[in-house]
Every structure is written in C-alpha cells, then in structure tokens.
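Heads up: the structure comes next, in structure tokens.
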Amino acid sequence: MLVALVLSLTLTPVLANRFLNPGGKEDSEGEVKFVKWIKRGYTQLLEYALGHKRVVIGIALGLSYSYAFGLLAVGKDFMPKLDEGSWFISTITPLRLHWRKNNRITLQIEEILAKNPNISEVIRRNRPLGKGHRVRASRSTRARCL
C-alpha cells in the first residue's frame, strides 16, 4: 500500500502534466493532442456501431452467452465437494448447570452415537450457554462417520 501511495503522489501528477498540459499545443477548442486522439478513436467506433446495429447486437449477445457458459463451467470445476460424511452435534446447556452434570449429559449422547455401527469415532465438546463463562475441559474422544 505504501508503494501505491508513493506512486499516486509522484507518478500520477507527472503523467497528468505530460499528457494533459496544453503547453502551447492546443487547438481552437482548448484540447490537447492526447484528448483529441482519444475522441477521434471514440468517434469512429461510435459511428461504426450506429451504422451496423445488428452486428453490434450480435457481438454483444455472443459475448454474453460465452460469459454465461464460462460462469456455469467455473462453478462446477473449481469447488470441491464438502461432504466429508461427518456430523457435528453441539450441545449447549444453561449456565447454572454444573460442569459435571453437563459432562454426564454429553457422555450419554456420545454413548448413543457410539452404538451406531456407521460411526467410527465421536468428538464432543462441552460448553455452557453464557458470555464470558469459562469452559471446563472434559474428556474428548475423536469421532468419524463412515
């Protein structure tokens, strides 16, 4: 960002002075050569576009269709599938609940899930509902669904 700041304060004014300063080379309308060159190209392009409306509309539609086709292709190829076969179950208990009782509840949930033959591991996390409350660590086990 520092480089951009230095360039904006040094190079940009120098280029503007070089290309936009009349310096005695202006015509009767007060335009410099650079602005006249841009206007001349724009005028020619505008005259062609107004004279060949169907060609311009065809080019615009062709480009729009190719962009739309490209966007559809990009959406499918670059994004990986995010289905890992895992579930995340989070239990939130009231703040006044003792952490040992909270641990017992989540341990029951862990045991129920461990009975399922499609689940190889279970990860659990205990946390009370409340802002700024310390979370006591409980026994954790890893879980993974097959």
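Quick check on the stretch 13-29. Is at least one of its residues in a strand (DSSP E or B) and at pLDDT below 85? Steps first, please.
Within the stretch 13-29, the first condition is being in a strand (DSSP E or B), and the residues that meet it are none.
Checked against the condition, which is being in a strand (DSSP E or B) and at pLDDT below 85, the stretch 13-29 yields no hits at all.
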Query raised in the report: Mind checking which residues of the stretch 55-108 are modelled with pLDDT of 75 or more, of a type in the set (Phe, Trp, Tyr) and exposed (fewer than 11 other Cβ atoms within 10 Å of the Cβ)?
Result: Tyr65, Tyr67, Phe69
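The values are calculated or read from the model by the stated rules, or taken from the named source; none is laboratory data. Just so it is clear, the structure is predicted and the values come from calculations on it, not from any experiment. Here Cβ is always computed from backbone atoms with ideal geometry, including for glycine, and neighbour counts include all displayed protein chains.
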